[in-house]
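What follows is a short report on a single structure.
The values are calculated or read from the model by the stated rules, or taken from the named source; none is laboratory data. Just so it is clear, the structure is predicted and the values come from calculations on it, not from any experiment. Using ideal geometry, Cβ is built from the backbone for each residue, glycine included, and neighbour counts are taken over all protein chains shown. Protein only, heavy atoms only, side chains kept; ligands, DNA and RNA dropped before computing areas. Shrake-Rupley method; radii C 1.70, N 1.55, O 1.52, S 1.80 Å.
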Amino acid sequence: GAMAGEALTHSKEGATALLVCARCACCFALLLRLFAPQPCFSDQQLEQVFSNGLFHHERGLVPRLCRGECGPKTAARSKKKQAVEARKELFSRGYFVLETLKECKAHLLVLDFPTDDCLRLVLTSCFACVTGENASETREVVAGIAGELLKEGGSDLGPGPWECFLNEVAGTGPGGQLLPLERRCE
């Protein structure tokens, strides 16, 4: 448990370090699937891994993997073909984690945490996974995760997760006010 948290919150840059973290994240997701519906980690360990490792805003491991971020130093040193291959592998690992969490409904574990903070991080991070390059692959999984979280949490959720969802779907303008949905979709 503690080792998983340390491996997933590792902050070293570079494709090799990120790939090691990606493999740890895949193993973590597989453990959650294997032991579903009762995870083999405590709530505190799960919250640490979800909020400080996998889904820590846009810098969380899963969004970085899905966006294929291998770090500027690595991108500058690698040949174009190697960089493309590295991004593809990182994306496939990130997508695997998202898909596995959705498949075994492990993302719903964040609803058991005492505050909505981790839930907001998961929602924000999931939307940060979708880019112009990968939208056709990630949009459905991300929408499924967000939809299930909001559906299962329902009226028990505070305003934070709903606001996070609306900001992502409708967008915000200057001053943080929600944009009309039509403007965001253009």
*When you look at Pro39, is it modelled with pLDDT of 85 or more and not in a helix (DSSP H, G or I), yes or no?*
yes
*asked:* Looking at the structure I just gave you, is Gly94 surrounded by 21 or more Cβ atoms within 10 Å (Cβ to Cβ), of a type outside the set (S, T, N, Q) and in a helix (DSSP H, G or I)?
replied: yes
*Just a yes or no: is a residue in the range 133-151 at pLDDT below 75 and open to solvent by 40 Å² or more (accessible area, probe 1.4 Å)?*
no
*asked:* Test of understanding: among Ala17, Ala29, which residue is modelled with pLDDT of 95 or more and either surrounded by 21 or more Cβ atoms within 10 Å (Cβ to Cβ) or assigned to a helix (DSSP H, G or I) (or both)?
replied: Ala29
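Within the range 99-115, how many residues are in a loop (DSSP other than H, G, I, E, B), among the β-branched types (Val, Ile, Thr) and open to solvent by less than 30 Å² (accessible area, probe 1.4 Å)? Don't jump to the end; show me each part of the working.
Taking the range 99-115 first, the residues in a loop (DSSP other than H, G, I, E, B) are 104-105, 113-115.
Next, only the ones that are among the β-branched types (Val, Ile, Thr) stay: 115.
Subset that is open to solvent by less than 30 Å² (accessible area, probe 1.4 Å): none.
Number of matching residues: 0.
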*List the number of the failed condition for Leu119; all other conditions in (1) aliphatic (A, V, I, L, M); (2) farther than 24 Å from Ala17 by Cβ; (3) modelled with pLDDT of 95 or more hold.*
(3)
_Subset tally (residues that are in contact (Cβ under 8 Å) with a residue 60 or more places away in the chain and hydrophobic (A, V, I, L, M, F, W, C)) for the range 90-112_ = 8
*Any idea how many residues of the range 116-132 are in a helix (DSSP H, G or I) and open to solvent by 20 Å² or more (accessible area, probe 1.4 Å)?*
5
